[in-house]
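The values are calculated or read from the model by the stated rules, or taken from the named source; none is laboratory data. Remember, it's a predicted structure, so these values are computed and weren't measured experimentally. Cβ placement follows ideal geometry from the backbone for every residue including glycine, while neighbour counts extend to all protein chains displayed. When the accessible area is computed, the model is the full protein with side chains, heavy atoms only, and any ligands, DNA or RNA have been set aside. Shrake-Rupley method; radii C 1.70, N 1.55, O 1.52, S 1.80 Å.
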Amino acid sequence: MALVEDDALSPTSDITTDPELPEQWWINLRTALMNLSVHSTDRVSMGQTHLTRRIHEVYGTDIDTTITDWACAHGDLGYANPCGPRLSITDWESWGMGPAGWDEACLWSASLTAPTLAERVQALFSTILSTRSGKLPRLLLCANVERAFQRTGRKAPLTDTMADVTASLFRDLR
């Protein structure tokens, strides 16, 4: 254990303004996630069954949701867990194997209410987010937003944005 002296970037997973982190923070984050991804464990952060069930529940079964690339992940990477301006990552109870790109997709989703930040995350992690394994977790996150809307009838701030992303992801995944 270590004492983390810097604050979390947000009190919640989502963030509404760009925290304007130094370039080194982003470099360190990318390196940390790459280093984490190569570890092997029996723990599961996000399994195939959950991903498939949720996507099919919301969008139907006409899309192949098979994940072929797995990686070790933090499992809950929103803006309440990374600290700054020096990078520390807290809240590790959800770590384990997941689709390659799971952490990056979670950070991307949590960034969408701050468009410049979302663009930064998309560009920084484009190598993994542009793969099939990176697109399926993003589709799952879109499904979560759509499912909440279907259940409550209330649009979240990201409902329309996620719908646009969903259309693009469907084109790419089919």
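For segment 35-46, the Karplus equation 6.51 cos²θ - 1.76 cosθ + 1.60, evaluated at θ = phi - 60°, returns couplings of 5, 5, 4, 8, 6, 10, 7, 8, 5, 10, 8, 9 Hz by residue, with Gly and Pro reported as x. For the chain, the carbon plus sulfur part of the accessible surface works out to 52%, probe radius 1.4 Å. Loop-located GluC sites (Glu not before Pro) in segment 1-92 (DSSP state other than H, G, I, E, B) with a sparse environment of at most 14 neighbouring Cβ atoms within 10 Å: E5, E20.
The 3J(HN,Hα) values that the Karplus relation (6.51, -1.76, 1.60; θ = phi - 60°) gives for segment 143-158 are, in residue order, 4, 4, 5, 5, 4, 4, 5, 4, 6, 9, x, 9, 7, 7, x, 9 Hz. Gly and Pro appear as x. The residues of segment 30-95 expose, per residue, 54 Å² of accessible area to a 1.4 Å probe.
Here is how the number arises for the chain: DSSP H runs of 4 or more residues each give -39500 (n - 2.57), the sum is divided by the residue count, and the result at 222 nm is -15500 deg cm²/dmol.
The HN-Hα couplings worked out from phi for segment 26-33 by the Karplus form 6.51 cos²θ - 1.76 cosθ + 1.60 (θ = phi - 60°) are 5, 4, 5, 5, 4, 5, 4, 5 Hz, whole numbers, x standing for Gly and Pro. Each of T161, T65, L129 was placed along the dipole of the chain (beta-carbon charges, centred on the mean Cα), and the one lying farthest toward the positive end is T65.
With contacts taken as Cα pairs under 8 Å and at least 6 residues apart, segment 1-85 reaches a relative contact order of 59 percent. Were the residues from D7 through F170 laid out at 0.36 nm apart, the gain over their Cα-Cα distance would be 54.9 nm. Taking all C-alpha pairs of the chain, those more than 25 Å from each other amount to 30 percent. Highest average first, the peptides 10-16, 60-66 ordered by how many other beta carbon atoms sit within 10 Å of their residues are 10-16, 60-66. Calculate the length of the line joining the C-alpha centroid of segment 51-71 to that of segment 129-160, in whole Å. Centre-to-centre (Cα) distance: 13 Å.
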